[in-house]
Structure formats: C-alpha cells, structure tokens
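The values are calculated or read from the model by the stated rules, or taken from the named source; none is laboratory data. Everything quoted here is computed from the prediction, not taken from an experiment. Cβ: placed from backbone, ideal geometry, glycine included. Neighbour counts: every protein chain shown. For the accessible areas, the whole protein counts, side chains as well, though only heavy atoms, and no ligand, DNA or RNA atoms are used. Shrake-Rupley method; radii C 1.70, N 1.55, O 1.52, S 1.80 Å.
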Amino acid sequence: MLRSLHSLRRLNAHRTIFSYHLQPFLRESSPLFLPIPLYSFICSAATAVAAPEKASASCSALSRHVLEADDVLVRYQYADAYAAIELALDSVVKVFTVSCSPNYFLPWQNKSQRESTGSGFVIPGQKILTNAHVVADHTFVLVRKHGSPTKYKAEVQAVGHECDLALLTVDSEEFWEGMSFLDLGDIPFLQEAVAVVGYPQGGDNISVTKGVVSRVEPTQYVHGAAQLMAIQIDAAINPGNSGGPAIMGNKVAGVAFQNLSGAENIGYIIPVPIIRHFLSGVEENGRYVGFCSLGLSCQPTENVQLREHFHMHPEMTGVLVSKINPLSDAFNVLEKDDIIIAFDGVPIANDGTVAFRNRERITFDHLVSMKKPDEKAFLRVLRDGVVHELSISLRPLQPLVPVQQFDKLPSYYIFAGLVFIPLTQPYLHEYGDDWYNASPRRLCERSLRELPKMSGEQLVILSQVLMDDINTGYERLSELQVKKVNGTEVDNLKHLCSLVEGCHEENLRFDLDDERVIVLNYRNAKLATSRILKRHRIPSAMSGDLIDEIICSKAEVVCSS
C-alpha cells in the first residue's frame, strides 16, 4: 500500500493529507487534497497492514481522524494562499505605461497617446520582470510598490516581444528599500495549484487568484505570434494581471500573460524554461537574442503508405521535411523529402511530438527553441532509405514579412506622392481585427507563406498615392508590390530609395505587381515631391532609418576616396 501510494505521489506531484502521517515517504508540494472517505480508507488500511491487532482500535477512532483531517484541509488550503500573498507584498509591483504606437497607413506620424497598467515582480539583481506587451511602444514607464503612494520612474533594459517578456530597472534607492526578490521554480505538474498575483482591472490594490494547472504545451503567444511552451491554468487572468507571477509554494512557476478569448477562466502563464532562456540571453549578450529555429516546414508521417514510400521501417518514426528556409544552416545540410527521426538523440514520433515528463508529449519544436544561438543540434535523418547523422547550427531566423515591429518607427519613402513601404503584418493589421479577410488578398498570402531568398530582403509595396498633377491616373495602383526600378529588381526599401535618388535618366519607371507600370519625368517628379510634402504637412520624404543609412553611405564614400 505504501509503495503504491509513493508511486502515485511521484507521478502526480500531489500533496495529500496523508503526507503528514507518512512524512518519510512523501515530499512536500502544492496542496491538492484526497477526499475524506478515501483518506479514511487509506488510514485504516495502513493501520491494518502495520499492526493487525490495532486495526479495530483504529477503526473505532475513525471519526476523530476525519474531524482532524477536515481541520487540516481547511488550514493548509488557506496557508498556501497566505504564503503567496506574503511573498507578493514585498515583490510584486504595479506598472504604469504611457505608449504611442505608429500609424502604418500614415507612417510619418503616430497614433494617439494611451495609458495602460500591468504587473511585474522583482527578481535577483534588482530587476523587475514583466510582459513585453505591458511596455510595448512605451514613451514613459512608472512602477509603484504595494502599500506606497509613490510612483518611481523605470527604464526598460531589455524586451523580448517574441516571448512577451521584458526587464525593467529602477535607479531610485528608496524604491528598493524593503523589497525582496522571487526565485524561479520548475514547471508545475498537472493539477498542481498556483496563485496568480497582480493588479487586474476592477480595483487598484493587489489581487490573488488561485487555480490549478490543466495543460502544458506549445501555444501561440498573441503578442509576438511565436509558438512557445505555455502553461494553461483555470485561474482568471484579466487585463492588468499581465506580468504578475504565478506562485507555487514559495517559488515562481511562471508569468501571467494572456487568456483564451471567448472562454471562462482559461488563462496562460509563461513557464520557467522560457523565462530562463530570456534572462540568460540578456545576461550573456546584454540584449534579447531570440529563440532559435531550424528553418523547416515539416509534415507528419502518420499515413502508412507515406512511410512505406520513404522506406521507413515499421518501428521507425519521424517527420517529413517539406520546405527549408534558404537563410538557415539546414538549407545546406538537409534536403526536401528527408525524414527527421531524432533530434539530439530524442526520437520524434510520426505526429512530430517527443516524450515530455510522465506520459505527456510536446512538439519537438520546443527542443529547438531551447537551444542557444549558434549552438549545434544533432539530427538523425533518413534519406533514400539510408540513415545519416548530421549536425546543424541553430540561430533565430527572421521571416520575409515581419510579424511584429514594436518599439520602432516604420520605414517609408515618398517620391512624387508615391508612398513606398516594406510590407509588414502590422501594416495589414491596420485593416482591422479581421485583417486576414479585409486586407489585400495577394499581400496577405505573401506575408504568411513566402520565404526570403537573401539576407535583408523586403517586399516593397506602393501603399498609397498622395494625389497631385504629377501622378494623376496612378491613384488606383496602390497596394501593389514594386518589383523593378528602371529595370533593376528591388531588394528592399533602402535599395529602392538609392535607385530613385541616383537616377540619371530622363524618365523613371516602376514595374509593379500584376504587370502594372508607372512612368514619371524624373525632373518634374523631383520638384513635385517637395510640393506634395508641404501640402500634406509631412516633415520628411523618408523615414529616419533611411536618412541615417544614406548619411553613413555618403560618409563611407568620402572615407574611401
């Protein structure tokens, strides 16, 4: 009986009331209690096994055990909540952010300033950990500790929008008086209890909600659109809770960051492995370094005929390589139709998952994301029926069309009223919540599917036409990709700008998508540009990043001459 109970405890990581009677056999963890009838049965059975002659006396005292157990259950339920509150009072802070997001339809100006609040908590090194979306596009950040009326100015040290984490620092010595830090723990097991602490909407004081872990798996992070490990809990996570800790025992189990839209009491926390990866990258490099990728698109091999076609033995499992990013190291190592059967010695199932903890599975992408930049990964690959052992260097890879662009101004270039910008998903998001259906279909498909062919490549589009005599008749050619300028293929916006500014021909020709053409008299168009900028109160014909690059390019030419 005792051995079976011990195995059950280790598999499910539960603390029971029985643990206080069998302390040598069971270790402490989060409070999840056995039902009283089951507890009574176990106590009686254990007594009968240990001392049969005392079984009758044990049964006669059963009601006393039940009453004691009921009292213990109530006390320990509240003790854990109180412990979380005590930890939080000296470590969790409220974050006040003033932010100003760019307008991608009018990239030379910002949207209206807005104010928002979130939560954060102190970690070792006098740093405050919070969510990236709490301080995204910030212009001013303040923090306030519990029980204090004073707000202190904070600086954003590092931001990882991909994993939705950020580090804040506060210079004021007064702020740190009486503050304590929280330690990071481990990934909680299913049904373990956690307490989420923060400052959600509905009030100004600190709030503690309790819930249990219901799922651990890769989930899409809404803020950065990345697919990373997340923990699902049934505690309420509301606006303002973001950045607050989820506490298990006396350690942090994760950071609250999002909920499931349209569902009740389904929240998500960022687990400790993701947090440690973010913190170690900042510590080693002084900045956020990102999460690595193989640069592959893989297909499951669950169909028997598919496996037979690629010479997979019955006991062999793996995934089929269908597309490879040309900028990844895998492009020079792997081939289309390879079967990846193991990653760093861990077998990959036909559905793309690997073993994770006790009878749980997780996609092998998690193993990839936990690698450090430039770290080697060892793959076992089946190619034409022969197994190969290959090594690949991993690093973060940028998509052809950026998924998010926080904390930076959008790039643009205006010539003769033609507004050129690089295609980004934030630009498509300006079409509204239903941007996938409302934005231009061709641009939307390219933003989601196309891969870069070279480093620094961008899809440059003509976003709009600011009307003037010089561009009459071209107003319907907006929202099209610019492919060539005077016969030269466009690599990115900087390249387009240099081609236009360096034109020595009488006419300037733009070849657009769908075989459309724009032709302008270069001299007249140059004169019209300043007139159009003045009419629309646009401060510059190009964004600051292009101006800086042009200045640097001119300086390099002068130095070389």
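Measure out, as a whole number of angstrom, how far apart the alpha-carbon centroids of segment 177-221 and segment 461-514 sit.
51 Å
List the lysines whose alpha-carbon lies under 28 Å from that of Lys376, not counting same-chain residues fewer than 8 positions away?
Lys323, Lys336, Lys453
Ordering Phe331, Phe291 by accessible area with a probe of 1.4 Å, largest first, what comes out?
Details: Phe331 105, Phe291 10 Å².
Result, largest first: Phe331, Phe291.
Given Leu167, Phe189, Gly211, which one lies farthest toward the positive end of the charge dipole of segment 151-220, if we put +1 on the Cβ of every Lys and Arg and -1 on the Cβ of every Asp and Glu?
Positive-most Cα among the choices belongs to Gly211.
Taking the convex hull of the alpha carbon atoms in segment 184-247, what volume per residue do you get, in Å³?
In segment 184-247, the Cα hull volume divided by residue count equals 90 Å³.
Compare the Cα positions of Leu499, Tyr522, Ser455 along the charge dipole of segment 380-527 (+1 at Cβ of Lys, Arg; -1 at Cβ of Asp, Glu; about the Cα centre) and return the one farthest towards the positive end.
Ser455
What is the sum of charges, Lys and Arg at +1 and Asp and Glu at -1, for the other residues whose Cβ falls under 13 Å from the Cβ of Gly352?
That works out to -3.
Between Glu302 and Val387, what FRET efficiency follows from the Cβ-Cβ distance if R0 is 22 Å, with the result rounded to 0.05?
My answer for the efficiency is 0.60.
How much of Ser455 can a 1.4 Å solvent probe reach, expressed as accessible area in Å² and rounded to 10?
So the heavy atoms of Ser455 present about 100 Å² to solvent.
Provide the per-residue ³J(HN,Hα) series for segment 268-273, in order, calculated from phi with Karplus coefficients 6.51, -1.76, 1.60 and θ = phi - 60°, each as a whole number of Hz, with x at glycine and proline positions.
Along segment 268-273, the couplings run 10, 10, 7, x, 4, x Hz.
When the accessible area of segment 323-397 is split by element with a 1.4 Å probe, what percent falls to carbon and sulfur?
After summing per-atom areas, the C and S share lands at 50 percent.
If I take all pairs of Cα atoms in segment 293-370, what percentage of them are more than 16 Å from each other?
Pairs farther apart than 16 Å: 50 percent.
If packing is taken as the average number of other Cβ atoms within 10 Å across a peptide's residues, how do 128-137, 360-369, 398-407 rank, most packed first?
Averaged packing, sorted descending, gives the order 128-137, 360-369, 398-407.
Considering only protein heavy atoms, what per residue accessible area in square angstrom results for segment 382-457 with a 1.4 angstrom probe?
On the way: 3630 Å² over 76 residues.
With all protein chains present, segment 382-457 gives 48 Å² per residue.
Could you give the length gained by full extension between Ser112 and Arg441, i.e. 0.36 nm per residue of separation minus their alpha carbon distance, to one decimal place?
Extra length from Ser112 to Arg441 when fully extended: 115.6 nm.
Kindly state, to the nearest 0.05, the FRET efficiency for Lys483 paired with Asp434, given R0 = 30 Å and r defined as their beta-carbon distance.
Calculated value: 0.55.
With only Lys, Arg, Asp and Glu charged, each at its Cβ (+1 for the first two, -1 for the last two), find how big the charge dipole of segment 441-513 is about the Cα centre; round to the nearest 20 debye.
420 debye
Run the quick spin-label model on Glu284 and Asp514: label points 7 Å from Cα toward the beta carbon, then report their separation in nm to one decimal.
4.8 nm
What do you reckon, how do Val196, Val304, Val212, Val222 stack up by accessible area (1.4 Å probe), largest on top?
On the way: Val196 0, Val304 80, Val212 30, Val222 110 Å².
Ranking Val196, Val304, Val212, Val222 by accessible area, largest first, yields Val222, Val304, Val212, Val196.
Could you tell me what fraction of 2.2 N^0.38 Å the Cα radius of gyration of segment 234-305 comes to, as a two-decimal ratio?
For segment 234-305, the normalised Cα radius of gyration comes out at 1.53.
Any lysines with Cα under 19 Å of the Lys534 Cα? List them, leaving off those in the same chain fewer than 8 positions away.
Result set, ordered by chain and number: Lys526.
On the full set of protein chains, 1.4 Å probe, figure out the accessible area of Glu155 and give it in Å² to the nearest 10.
Near enough 90 Å² of accessible area.
Working with all protein chains in place, sort Leu496, Leu306, Leu260 by solvent-accessible area computed with a 1.4 Å probe, largest first. Let's see the in-between values first.
Numbers: Leu496 0, Leu306 40, Leu260 75 Å².
Accessible-area ranking of Leu496, Leu306, Leu260, largest first: Leu260, Leu306, Leu496.
Over segment 196-328, average the accessible area per residue using a 1.4 Å probe and give it in Å², no decimals.
I get 43 Å² per residue for this part.
Please give the solvent-accessible surface of Lys526 in Å², to the nearest 10, using a probe radius of 1.4 Å with every protein chain present.
Its heavy atoms expose roughly 90 Å² to the probe.
In whole percent, how big is the carbon plus sulfur part of the accessible area of segment 481-535, probe 1.4 Å, protein atoms only?
43 percent
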